[in-house]
1. Take L25 and A3, extend 7 Å from each Cα along the Cα→Cβ direction, and tell me the distance between the two endpoints in nm.
2. Would you work out the relative contact order for the chain, in percent, from Cα pairs under 8 angstrom that are 6 or more residues apart?
3. If the elastic network links every pair of Cα atoms under 10 Å, which of I38, I68, I16 fluctuates the most in the Gaussian network model of the chain?
4. Can you match Kirkwood radius over Cα pairs in Å to one of these, (1) 16.2; (2) 14.9; (3) 13.9, based on a calculation from the structure here?
5. For D11 and V65 in the same chain, what is the full-extension length gain: residue separation times 0.36 nm, less their Cα-Cα distance, in nm?
6. I'd like the orientation of helix 47-58 relative to the chain: the angle between its Cα long axis and the longest Cα principal axis, in ° from 0 to 90, rounded to 10.
7. Can you show me the helix-derived [θ] at 222 nm for the chain, built from DSSP H runs with n ≥ 4 at -39,500 (n - 2.57) apiece and divided by the number of residues, rounded to the nearest 500.
8. So for K30, K63, K12, K50, fewest C-beta neighbours within 10 Å to most, what's the order?
Amino acid sequence: MAAGDTVSELDKTQSIVVYLNTGNLDSNGKPIIDRATINGVSPTAQEQDKYDFAYTLAGLTSKTVDGIVVRTNTDLGPIS
């Protein structure tokens, strides 16, 4: 394979990144945010399910949700 060759999608996976506010401040007075990443999320899962999962995960901690990001990774190929 080389640049310009026909490419195809080999695999698509998603990750959910949950940003969690610790309730603490750094030395500059900014909130300290932790991050939890869940890999291997099915791209066919409903957005509501991903959102609800993030809040369920946060419920296992004393931290509050500060943000939720879904990242999509697509493997391209063939690579030879």
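Derivation of every value follows stated rules applied to the coordinates shown; laboratory data play no part. All values reported here derive from a predicted model rather than from experimental measurement. For neighbour counting, all protein chains shown are included, and Cβ atoms are generated from backbone atoms with ideal geometry for every residue, glycine included.
1. If labels sit at L25 and A3, their model points lie 5.1 nm apart.
2. 48 percent
3. Its mean-square fluctuation being the largest, the pick is I38.
4. So the calculated entry is the one marked (2).
5. On the way: separation 54, 0.36 × 54 = 19.44 nm, distance 2.97 nm.
Full extension from D11 to V65 adds 16.5 nm.
6. 40 degrees
7. Rounded to the nearest 500, it is -4500 deg cm²/dmol.
8. K30, K12, K50, K63
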